[in-house]
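Structure record follows, encoded as structure tokens.
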Amino acid sequence: MPEYEDDAVQAAREAFPRGLAQPEGGFRFGSDALLLAAFAASLAAGPRTADLGTGCGAAGLGCLLAGADPAATCLGLDRDPDMVRAAGQNAARLGLAERFTALAVDLRGIREDARCLPESCDLVICNPPYRDPASGRRPSGPAREAARFETDGDMTDFAAAGSYLLANKGLFACIHLAERLPLVFAALADKRLVVKRVLPVSPRAGAPARLVLVAARKNGGPGMILDAPLALYAGVGTQTRLTETALAFCPFLACNAGPSGEF
């Protein structure tokens, strides 16, 4: 690779997640994708990862960048062709085109897609839609709605696709709303994904968790770790800042999300 390309790739990696291509009018990734990337990278799973509902690739690419294995690969799957194209562009810009492959796949039909082989992954990650279609204010545009609401796939669909792709004893990692943790546990258990670790994520120390990061093992044995909550922010008003603990856990957060949490 020419030296100027090395410099461009290095600059793109140092700026990550800034500069990621995102389709205009489509769903924009947020800090939850970056938290998932950091959490997944900490699990020390095998080298073959799949990112379900990859979007522009933020979580899958972040997992590769944060991981210690330079030979690790990621298969990014999304039903939106525009998102798949953006994910491929982002992989190329980060010098990860040979390690990250984006495919247009509807997870509900994954068993019929010859490109998605059963038991071919060591780790599956996902940042699924959080909201029940019967609740909450709906966003404008079908792409944003599908990314936030369970209109084109719910936690059960993501768990089924993950279990299909995972090798025996492989790990499944996801981020979801704390209030829907019972639903997450039930969907995972139904697909033989045994919860092994839960990390609650709170906006501030002492506040109830709003998000949870969950790791489950396919055909795993009993026993689970419940981590101490991760508090994201400290201070008030103009003095609000990310905590040192949050930045140590996920350095990507230093790029500063907007008020909505989106980048």
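The values are calculated or read from the model by the stated rules, or taken from the named source; none is laboratory data. Values in this document were obtained by computation on a predicted structure and should not be read as measured data. Neighbour counts are summed over all protein chains in view; Cβ atoms, including those assigned to glycine, are modelled from backbone coordinates with ideal geometry. Note: areas computed on protein heavy atoms with side chains; ligands, DNA, RNA excluded. Shrake-Rupley method; radii C 1.70, N 1.55, O 1.52, S 1.80 Å.
Sorting LYS196, LYS218 on solvent-accessible area from highest to lowest, probe radius 1.4 Å, gives LYS196, LYS218.
Taking the chain as a Gaussian network of alpha-carbon nodes connected by springs under 10 Å, the highest mean-square fluctuation of the residues CYS250, CYS126, CYS63 belongs to CYS250.
Between LEU242, LEU226, LEU177, the GNM of the chain built on Cα springs shorter than 10 angstrom shows LEU226 fluctuating the most.
Here the accessible area is traced with a 1.4 Å probe on the protein chains. For the chain, carbon and sulfur cover 53 percent of it.
With all protein chains in place and ligands, DNA and RNA left out, the 1.4 Å accessible area ranks MET224, MET83 as MET224, MET83, largest first. Placing a pseudo-label 7 Å from each Cα along the Cα-to-Cβ vector at ALA21 and GLU112 gives an inter-label distance of 3.0 nm.
Take ARG79: with every protein chain present and a 1.4 Å probe, its accessible area is about 120 Å².
Send over a whole-number figure in Å² for the accessible area per residue of the chain, probe 1.4 Å. Could you put the intermediate results ahead of the total?
On the way: 12400 Å² over 263 residues.
Spelled out: the 1.4 Å probe surface of the chain, per residue, equals 47 Å².
Across ALA216, ALA186, ALA173, mean-square fluctuation computed from a Gaussian network of the chain (C-alpha pairs under 10 Å connected) peaks at ALA186. The calculated Kirkwood hydrodynamic radius for region 181-263 is 14.4 Å, given to one decimal from all distinct C-alpha pairs. Residues in region 220-242 near a label at ARG210, defined as backbone nitrogen under 17 Å from the 7 Å Cα→Cβ point? Output list for this probe position: 229-242.
Quick check on the chain: take the gyration tensor over C-alpha atoms, sort the square-rooted eigenvalues as a ≥ b ≥ c, and tell me if it's rounded (a/c under 1.5), prolate or oblate. It is rounded, given that a/c, with a ≥ b ≥ c, falls under 1.5. Each DSSP beta bridge with both residues in the chain is either parallel or antiparallel, and the antiparallel ones are about 40%.
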